[in-house]
Amino acid sequence: MLRLLREVPTPASAHPTVIGIDDFAFRRGHTYGTIIVDMSTHRPIDVLSDRTSETLSAWLMQHPQVTVICRDRAGAYADAVTTALPDATQVADRWHLYRNLVQAVERIVIRYRASLAEPEPEPASHRQAELQSDPAHGPAPSTAGRLETRQREHHRVIQDLVQKGWTISAISRELGLDRRTVRRFARNDIENLIGYRSERRSILDDFKPYLNKRWNDGARTASVLHQEIAAQGYRGSVKTTRRYLQDARLTAQTLPDKPRPASPRQVTSWITSKPENLKQAEKDYLQGIYERSPELDSTGEFVRRFAVMLVHRRGEHLTGWLHDVEQDAAPELRSFANGLRRDLAAVTAGLSLSYSSGAVEGNINRVKMIKRQMYGRASFELLRRRILLRN
């Protein structure tokens, strides 16, 4: 069967004028290839064995008729196009642009996460303070579990080794940790790492106010409380409910009646979404955050202006937006703007022209399906042939 498949002729080489290029993984994290798609037919026209600038540049030199190239913001592809076809128009994909903006906004929100919680209407009562400080009731529950304790220790050790001049690879070998983990701990403050993790949402979050109220009213049986929230739509296990109530049971603490603050990821989603897609409660919560944090209010305004450029194809306004960001925005947003300036022509084209890399992403999804069908055992030539011979 494989021999017969290899004998089937591949389609004749096409001569498109508008193409899309992107990489895909043969083996994720190790080896990658490049797919080239005809944007007029949305069909793949070639597959390259790697994603280097030299390989793509050689292919482009054999197709001088190409005038428009849709791509992400990978530097190797930009260099290849500039070398082989300097007069071609490069179009940065809008989805990748907005994704990079969302990532920058999320970092800003994490830095100002103290503004996400609504202020307390009044201080805790004297009796509550008494209970919290009374040794008979045990210590207040610690938010630092075993995982957090281990992370803090790793962060301290990694920071010490970095100060001594150790490389990321050497620290990774010494501690037996993944290089990406070591790099993350070397480049970030521990409070950002721990705080972000502690603010992630769980399936139980929407039901915690009810559980807290029932606990404070004296209902202390986890299985009974689980049945009550299950009747309200909770789909998690009783083990999750019991684990949440365990610290309160051990320390006899009073649980807060009000819901936990929105997580940085939630707030980032609100800031980067269309206002008309938000519920009124989300709009009110976001407005409260803006009132408490002028920095996040300014970030939201810059995001809205960028979204207008992206949706309405107003790339001519990009230069003014970049100037304003460099003058008044948070460092994370300025870093995003610096990245846009390095690829200014392609970004401006992406915000002005109708071309998009959506067809390329669809073909990459199809490549992943073909790879799964062959359990990753196909050679490059067989995989390439299957991609090009698809119906």
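A compact table of results
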| read-out | value |
| --- | --- |
| Fully extended contour minus Cα-Cα distance, from Asp178 to Arg334, at 0.36 nm per residue | 53.2 nm |
| Reported label for calculated log10 I(q)/I(0) by the Debye sum over Cα atoms at q = 0.06, 0.09, 0.12 Å⁻¹ given (1) -0.37, -0.79, -1.16; (2) -0.32, -0.69, -1.08; (3) -0.53, -0.78, -1.00 | (1) |
| Of all DSSP beta bridges in the chain, antiparallel share, percent nearest 5 | 65 percent |
| Residue-count net charge about Tyr355 - beta-carbon cut-off 14 Å; Lys, Arg +1, Asp, Glu -1 | -2 |
| Ordering of 48-58, 209-219 by burial proxy (mean other Cβ atoms within 10 Å per residue, highest first) | 48-58, 209-219 |
| Estimated [θ] at 222 nm from DSSP helical runs (n ≥ 4, -39500 (n - 2.57)) normalised by residues in the chain, nearest 500 | -17500 deg cm²/dmol |
| Aspartates and glutamates with Cα under 18 Å of Lys213, excluding same-chain neighbours fewer than 8 positions away | Glu120, Asp205, Glu228, Asp247, Asp257 |
| Computed label-point distance, nm, for sites Val157 and Leu382 using a 7 Å Cα→Cβ extension | 4.4 nm |
| Placed amide H near Val91: partners under 5 Å, 5+ positions off or other chain | Ile69, Cys70, Arg71 |
| Proximal lysines relative to Lys208, as straight alpha-carbon distance under 25 Å, when same-chain residues fewer than 8 apart are discounted | Lys239, Lys258, Lys279, Lys283 |
| Accessible area (Å², 1.4 Å probe, nearest 10) - Thr167 | 80 Å² |
| Overall Cα dimensions of the stretch 259-390 - principal axes, largest extent first, Å | 59, 43, 26 |
| Distance (nanometres) between label positions extended 7 Å along Cα→Cβ at Lys283 and Glu148 | 3.6 nm |
| Under 5 Å, built H, 5+ apart or other chain: amide partners of Ile45 | Ile36, Val37, Asp38 |
| Rounded tilt (10° steps) of 358-373 against the dominant C-alpha axis of the chain | 80 degrees |
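The values are calculated or read from the model by the stated rules, or taken from the named source; none is laboratory data. Just so it is clear, the structure is predicted and the values come from calculations on it, not from any experiment. Counting neighbours? That spans all protein chains shown, and the Cβs are built from the backbone with ideal geometry, glycine included. Each accessible area value is taken on the protein alone, full model and side chains, heavy atoms only, with ligands, DNA and RNA left out. Shrake-Rupley method; radii C 1.70, N 1.55, O 1.52, S 1.80 Å.
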